Each structure stands twice: as C-alpha cells, then as structure tokens.
Amino acid sequence: MNNRLPKPGEFYRHFRNNLYQVIAIAKHTETKEMMVVYQALYKDFKVFARPLDSFMSEVDHKKYPDCVQKYRFQRVDLAEGVENNEGPYDCGKKDDTLAATVETNAADGEDELTATAVKPELMEFLDARTYAEKIDILAKMKKELTEDMIQTIAVSLDYPIAEGSITEQYESVLYYLETHARYEGNRLR
C-alpha cells in the first residue's frame, strides 16, 4: 500500500466515476488514525475526510460485481486527459451523453455525481503557474466557457464569484486575474 499513498494535489477517480483532488493527509487528533482530506471536482466542490485505509481499500466486488476498477479510489493523471466514463473506471453505469446524474451513495455517506469529461483547456488553466498564463488561457476558453467551468476556475482561485451571466462571471474572473497579475512580479520574497 505504501507505493500507492496519496499525496496532496494528486487526482483520484472514485470507482463510481467521480473525480477528486487530495488536499492533505491528516492525523485524527483523538484516534491518531491517518485520514485523507479530499475535494470533489464537481457540483459544489465539497470537501471530505476519509480514513486512509478506507480510501486505499479495494472495491467490494461482491457488492459491485460490474466494477472493473480494483481500488475504491484510483489515481489518474489528468494531463493525459479524462474524456469519458468508460475503461477501467466503468462500474456498469454507462451514460453515453456524459450528462451528470446525481445519486446517493448511502454506503459511503456521500452525494455522488457521475463525472463529466474534463476539458483539456480547463486542466491547462488549473496547471498554469502565473496569473499572466491564466489570463491567456482564459481568453482562449472564452467562447466555450460553461457555468461549471467558471465555477471550477473560481474555486481554484479561491475567488467567490457573484451570480450573473457567463459573460459577467468571465469578466469578473478576468478582472481578478489582471489585478493579481499586476502585482505578481512585485511581491517581496
């Protein structure tokens, strides 16, 4: 199991096809149990904590016989692209339209959402190191931006975006980025 220990910043796909990013590995203050703190990369981007052993456990194939994925959470490299719900992550829940569908996962105590495709442009934005790079990428994405993409961008910037049209939200995020880019090179180090 040690060669599979999650690290902050890594991306994992739950066996039900949802994407998450590991935030931290933590120690429970009372039980001393190791915990994984991770954030959903869909819907309202909830943050969860789960015991490390549970996070790293294998899928119960008796309960989920159609599931091909071996582990409950499997690391994915988003640089290679995540384009569909098929392949080693398929647990018998096909959705040819890739539309998001909500279902309650009572066994895990979480709301689960079937993941939609992650746009490469969005991943490029999230991976950009400077505000200037983010501005350029955002400009290229302008015509294909969706509300979900804007929300993901806002969450990644820790920027509380106001309600409004996609154009208004785009302009708000752009202004935020331009303001930060102006001072990015002038910070004291």
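Observations on the model:
- Equivalent-ellipsoid semi-axes for the range 120-184 (Cα gyration tensor, √(5λ), whole Å, largest first): 16, 14, 10.
- In this rough spin-label picture, where each label sits 7 Å from Cα along the Cβ direction, the residue 142-residue 155 distance is 2.6 nm.
- Residue order for 66, 136, fewest other beta carbons within 10 angstrom first, comes to 66, 136.
- P(r) of the range 1-72 over all Cα-Cα pairs, binned every 10 Å from zero, in whole percent: 19, 49, 29, 3
- Residues residue 26 and residue 53, FRET efficiency given R0 of 22 Å [Cβ-Cβ distance, rounded to 0.05]: 0.95
Each value in this text was obtained by applying a stated rule to the coordinates, not by laboratory testing. Here the structure is a predicted model, which is why all the values come from computation and not from measurement. FYI the Cβ positions are ideal-geometry reconstructions off the backbone, even for glycines, and counts take in every protein chain you see.
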